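Worksheet: the structure to be examined is printed underneath.
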Amino acid sequence: MRLSYVIRRVFFVFMVIWTAATINFVLPRLTGRDPIKEQLMQQIASAGRKPEDAEQMWRKYNDLFGLDKPLWQQYLSYMSSVARLDFGYSINSYPRTVMEIIIARGRLTLPFLSVAIFIAFVTGILLGALLGWNKTPKWISAIVVPPLMVFSSVPQFLVALVLIYFVAFRAKLFPLGDPYPKTMIEDWSNPAFLAKYAYHAVLPILSVVIVEASGWALGMRAMMVTVEGEDYATFAEAKGLKNSRIFFRYLMRNALLPSLTGLALRLGFIITGAAVTETFFNYSGIGSTLSTAISTFDYFLLYGICLIMVVSIALATFIMDMIYPLLDPRIAYRGQRG
Amino acid sequence: MRGFFAYVKRNPAFGAGIGILIFLLLFTSVGRLFVNPQHAYPLSVPANLPPNPQYPFGTDRQGRDLLAVMVVGTGMTLQIGAIAGAIGLSVGIVLGFVAGYYGGTMIDTIITSFIDIYMSIPGFLILVLVASTFRNVKLGVTEMGLIVAIVSWAGPARSIRAQVLSMRERPFVMMAKLNGMGNFEIVMKELVPNLLPFLVMSLSQSVYGGIMSSLGLEALGIGSRREPTMGMTLYYVQYYSAFMVGMWWWIIEPVIVIVLVLTSLVLTSFGLDEIANPRARRKA
């Protein structure tokens, strides 16, 4: 792997984050009014808010955006706050900062979502490889592919809704709502807590897996058909190698790589999709926090969560880009893009 | 017409997709003759009724006749997708053709890097930011389509660029150049007609993308609270916890309509892909 490639990717990640932060900065100013100020004033005016709190929030807001200064200075001070991951206070749950909330809630989302993406990817490619394999009877494909096409084309929360109704409400198999029972304390070193967390995460994980695994299965199936047409596949067959060896080492190994690129490209969809899914489950992770921030017009929290999501997706994609050449020796990244 | 049926027989995905799409369009247009569209709005009929002879689809918590909601809402959701898809594709065509035709030059580099960066920011987050910042704008069906269009141009632009890039080097384009055709003329007379099936497929894909985005936004409550679009219907299903009180009809109906809408568009693009890339034909 060339150093210039790494540098270009780092620069790209930086550009993505910078663009996202700029969108955050520009958007409120395009409205001609100041939606954040309006919301803040409304909050300050509403009962139950101590005047000192309001003043501190206002000062922080002024600080963050430097409203009396010229626009370019506002932009610079905003960017430097963002670089320090300082998104200010949440408007609606005042003494807490946006970053505090993101960490507290993100901690509940990250484990289940990573597990879900992993399970979805592995089942998806295995299923797809089996479906695309020429040794698999044709009728199996004929039965399995149509439902896969339906699942892969609907949003996760649609599957979630059906699961909620049939599995959680009718069959009462799995709980709805919180990531762990309200009577428990969040303690990640406690096995009992982990067990409960896993139990509560089953349905959200299932929603992600059903949709995403179907998509990867279809993609992998198509790739397998292409790989089977290659000369090395015919040669492996002619050598009389064992079926299992041809399947895993010759066909799957080669068909896998485009799926990995697909994973990197789709990460954004999965994560934002899971945010809506969480809302439907009433699962108090980062996704439902985003949805609460939207409905309560908590702009600092909203902008903070969006930016953090952009940053994490960009970083995850970057890491996958770095791993890719290790998995595919054919790619040496000689300075050419695309 | 006979040719069409013969073709559908060879390309069942295309036939099924178009078939479902026509059914949905008939459902939402002819259906209006049988229901009162006003009953798709709150407080027009008795609330919480399961399906019965008078309201075959039942009614919801807010007193909407769900049959009317499905008839009116299917049309609205398709309309949002059509607006977003048409705008997205038009912008995508302009950028894609410019970048592809000037492939390798400065213009191409600027356009493609911008698209790459823009596409690395999840479109859904951009939409959430835009829609909640402009919350004072009254969101109707058209506004929703316009907002969703903000993110639906980048995908088509990138894939059209790739197509133009590969087509630019073909002999017939060289020939046109030698014959002294202008750039614009070559694009309009040589490239566009050859890419037509591909462009139709892109349209169907961006309508699909637009509907997906609008559903996600509306499911979070961003959209017109009053209009009975499919996404808003799901939002209210969630808002009033329809699953907790066992109002299965309120859940199942929008789910079925959405599955039909999305599947028909995916099948159509799948079928069009076979027309656009004859080489991929019958491989699977």
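The values are calculated or read from the model by the stated rules, or taken from the named source; none is laboratory data. Since the model is a prediction, treat every value here as computed from it, not as a measurement. Reconstructed Cβ throughout: ideal geometry from the backbone, glycine too, with neighbour counts over all protein chains shown. Only protein heavy atoms, including side chains, enter the accessible area calculation; ligands, DNA and RNA are left aside. Shrake-Rupley method; radii C 1.70, N 1.55, O 1.52, S 1.80 Å.
Binning at 10 angstrom from zero up to the longest distance, how are the C-alpha pair distances of chain A distributed in percent?
5, 20, 25, 24, 16, 7, 3, 1, 0
So, in nm, how far is label residue A:282 from label residue A:76 when the simple model puts each one 7 Å beyond its Cα toward the Cβ?
So the label points at residue A:282 and residue A:76 sit 5.0 nm apart.
Roll a 1.4 angstrom probe over the protein heavy atoms and tell me the percent of accessible area of the range A:102-296 that is carbon or sulfur.
That fraction is 70 percent.
What does the charge dipole of chain A about its Cα centre add up to, to the nearest 20 debye, if the Cβ of each Lys and Arg holds +1 and the Cβ of each Asp and Glu holds -1?
In total the dipole reaches around 840 debye.
Pairwise over distinct Cα atoms, reciprocal of the mean inverse distance: report the Kirkwood radius of the range B:63-156 in Å, one decimal place. Mind showing how you got there, number by number?
On the way: mean 1/r = 0.0664 Å⁻¹.
Computed over the range B:63-156, the radius equals 15.1 Å.
Please name which of B:173, B:128, B:57 has its Cα lying farthest along the dipole of the protein assembly as shown towards the positive end, using unit charges on Cβ (Lys, Arg +1; Asp, Glu -1) and the Cα centre as origin.
B:173
For chain A, what are the DSSP H helices with axial Cα length of 27 Å or more and mean Kyte-Doolittle hydropathy of at least 0.0?
Membrane-span-like by this criterion, though nothing is claimed about a membrane: A:3-30, A:98-132, A:191-228, A:253-281, A:299-327.
Provide the buried accessible surface between chains B and A in square angstrom, both chains summed, 1.4 Å probe, rounded to the nearest 100.
Interface between B and A: roughly 4200 Å².
Cα-Cα pairs above 32 Å in the protein assembly as shown: how many percent? List each step's numbers first, then the result.
Values: 103932 of 193131 pairs.
Above the 32 Å cut-off, the protein assembly as shown has 54 percent of its Cα pairs.
Beyond 29 Å, what percent of the Cα pairs of chain B remain?
Working: 17598 of 40186 pairs.
So the portion of pairs separated by more than 29 Å is 44 percent.
Please report, in debye to the nearest 20, how large the charge dipole of the protein assembly as shown is about its Cα centre when each Lys and Arg carries +1 at its beta carbon and each Asp and Glu carries -1 there.
That gives the protein assembly as shown a dipole magnitude of about 1380 debye.
Hey, what number do you get for the protein assembly as shown at 222 nm if only DSSP H runs of n ≥ 4 count, each worth -39500 (n - 2.57), divided across all residues, to the nearest 500?
Computed mean residue ellipticity for the protein assembly as shown: -23500 deg cm²/dmol.
Which percent of the accessible area of the range B:2-280 is formed by carbon and sulfur heavy atoms (probe 1.4 angstrom)? Spell out each step's value before the answer.
Values: 8110 of 11920 Å².
Within the range B:2-280, the accessible surface is 68 percent carbon and sulfur.
Between Rg and the Kirkwood Rh of the range A:190-338, both from Cα atoms, what is the Rg to Rh ratio? All intermediate terms of the calculation are to be shown ahead of the outcome.
Working: Rg = 20.5 Å, Rh = 18.6 Å.
In the range A:190-338, Rg relative to Rh is 1.10.
What is the magnitude of the charge dipole of the range A:102-296 about its Cα centre, with +1 placed on the Cβ of each Lys and Arg, -1 on the Cβ of each Asp and Glu, and no other charges, expressed in debye to the nearest 20?
On the way: 15 positive and 9 negative charges, 77 e Å.
I would put it at about 380 debye.
Among A:203, A:250, A:294, whose Cα projects farthest towards the positive end of the dipole of the range A:102-296, with charges put on the beta-carbon of Lys, Arg (+1) and Asp, Glu (-1)?
Looking along the dipole axis, the top candidate is A:250.
Order B:89, A:241, most accessible first, counting only protein heavy atoms with a 1.4 angstrom probe.
Result, largest first: A:241, B:89.
Could you run the Debye sum over the Cα atoms of the range A:102-296, one equal point scatterer each and no solvent, and tell me log10 of I(q)/I(0) at q = 0.13, 0.16, 0.18 Å⁻¹, two decimals?
So the normalised log intensities are -0.75, -0.98, -1.13.
Need one number: nm distance between label points at residue A:140 and residue B:109, each 7 Å from Cα along Cα→Cβ, rounded to one decimal.
Between residue A:140 and residue B:109, the simple spin-label model gives 5.1 nm.
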